[in-house]
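Asks: This structure is in structure tokens; I'll ask about it shortly.
Bear in mind that the values in this text are calculations on the coordinates, not laboratory data. This one's a predicted model, so the numbers in the text were calculated from it and none came from an experiment. Here the Cβ positions follow ideal geometry from the backbone for every residue, glycine too, while neighbour counts run over all protein chains shown.
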Amino acid sequence: MKKKSIVSLPQCLLKSLLNYDENLVEEQGGFILKSPDKEDYEFIPVTSDMHSNPGAVGLYVANTEEFGNKILAKTIDGFKIHASFHTHPVGMRALPSSTDLSELFTSFPINYIYAPFRELNRFTYNDGEWEMHNVLVFDGFDPYKHSRKPKVKIDALDSWIESENL
Ligand SMILES: [Zn+2]
């Protein structure tokens, strides 16, 4: 039997980005799971409860049944939910909405938001506050010019893949 290769966190994040369906004008999301004893990650998409509703354009709510079947089922096998991941509408920034903060983020210590072709940010809970860490920013979009320097600045996904050796 062929051994499954290890997927690093950056590789897994890349998979989450590539999973984004441009033709579906809705927020999309899922969860990043970590293997029990190694640095091996997996992105599992979960359909939004808002799917096909007008509100889906600007809100991601993980479907409870799918979350149970696809995510919780794996935690029984020892997998840990490493983080939540969801996209924002094209043109918007990857900053949490009040619903993100009051609902989605309350269940997970690490949360990723991807603003398609703009930026990917990670939010972690620290000392009673949410901290933002910029994971990558696409060329031509630089909200950090006068503040924090982005970790990775990329022309396109290709450059990121190259720089991270994905
Ligand atoms: Zn959001």
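Asks: Kirkwood hydrodynamic radius, region 9-163, all distinct C-alpha pairs: what's the number in Å?
Replies: Over region 9-163, the inverse of the mean reciprocal pair distance is 16.0 Å.
Asks: Shifting gears a bit: All other residues with a Cβ under 14 Å from the Cβ of Leu101 taken together, and with Lys, Arg as +1 and Asp, Glu as -1, what is their net charge?
Replies: Local net charge: -4.
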